[in-house]
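Worksheet: the structure to be examined is printed underneath.
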Amino acid sequence: MNEGRNVDRDTAHLHASEMCKSDWCPRQSWYRMIGTPEESDTAPWWRLANIFEEGHFIHEKYQTWLWDMGMLEGMWSCRVCHHRWWATSPAVCAKCASSFIVYAEVPLESDELWLIGHSDGILNDTESEERELLEIKSIGLRSIEIEVPGFYKKYTDHEVDLVGLWKMIKRPFPQHLRQGMLYCYVTGIDKIVFLYEFKANQDFKAFTVRFQPALIESRIEAALSVKNAIETGGTVKRPPWALDEDNATCKACPYRIECWHL
């Protein structure tokens, strides 16, 4: 199943999911996009596959509820005739009228940045004609440890329990904000809703954020540098945080030897 998931994995474009990470390395993306062979695959695929499947279930749950509410806009696909079309919460296929249809989310593409991806949805209030992007995130302890280590330390120091830790989260995580702002930039929709579900107790909360271009200015500049390097046959510099090859990101990079020793 893991191999099947990677068969159609796009390697020729940038992806918002990689660009929004705090340790994103544009040079690594450049290596991938020019077809550099990977030196090794150290990813714990069995754990990642489990994470993907759980995340898929949580996404599908909320998307189904929003579909039933009549406000889920995006691409849809028919399991019978394979027709794909854009609509808001349809009941049947627009071509064959079958009820066996599935939500294909919101495909995103930017020729300017050589970026592709998808958003989890668009919330379309047909009465007010207001449209908001949607991002659904399943939050675990590892996410909190990475994004808000101060909160996580309070938990490990037994200053708060799991419920208290969850209550401390009152805004989207930095990585999620950058990803959302990239989606706003690409789609032109100036508002996004982040829906968080806590894996520990299935509680949820939502945050609505307006487009803040300042949060992604450096990411856009880096994306353009990757595009320019590929178009001109140039190279991309290592990011400022990659002072030596002993940092955790470089150690896990599939192009480490090529990058540091050639």
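Listing for the model above:
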quantity: Potential extension, residue 190-residue 79 segment - 0.36 nm per residue separation minus Cα distance; calculated: 36.7 nm
quantity: Length gained when the stretch residue 231-residue 244 is fully extended (0.36 nm per residue, less Cα-Cα span); calculated: 1.9 nm
quantity: Value at 222 nm in deg cm²/dmol, rounded to 500, when DSSP H runs of n ≥ 4 in the chain each add -39,500 (n - 2.57); calculated: -11500 deg cm²/dmol
quantity: Ratio of Rg to Rh over the chain (Cα coordinates, Kirkwood Rh, two decimals); calculated: 0.98
quantity: Projected label distance in nm at residue 69 and residue 86, using a 7 Å step from Cα toward the beta-carbon; calculated: 2.3 nm
quantity: Projected area, mean over directions - segment 89-226, Cα convex hull, nm²; calculated: 11.2 nm²
quantity: Residue list for segment 224-262, given a label point 7 angstrom along the Cα-to-Cβ vector of residue 111 and an amide N cut-off under 17 Å; calculated: 224, 227-228, 231
quantity: Cysteines having no other Cys beta carbon under 4.7 Å from their own, within the chain; calculated: 20, 25, 184, 250, 253, 259
quantity: Residue-span extension gain [residue 57 to residue 34] - 0.36 nm each, minus C-alpha spacing; calculated: 4.9 nm
quantity: Cα-projected label distance for residue 212 with residue 251, points at 7 Å along beta-carbon direction, nm; calculated: 3.2 nm
quantity: DSSP beta bridges in the chain [antiparallel fraction, %, rounded to 5]; calculated: 75 percent
quantity: Hits among aspartates and glutamates - C-alpha to C-alpha of residue 21 under 13 Å, sequence gap 8 or more where chains match; calculated: 147
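Coordinate-derived values only; no laboratory data. The structure displayed is predicted, hence computed values, not measured ones. FYI the Cβ positions are ideal-geometry reconstructions off the backbone, even for glycines, and counts take in every protein chain you see.
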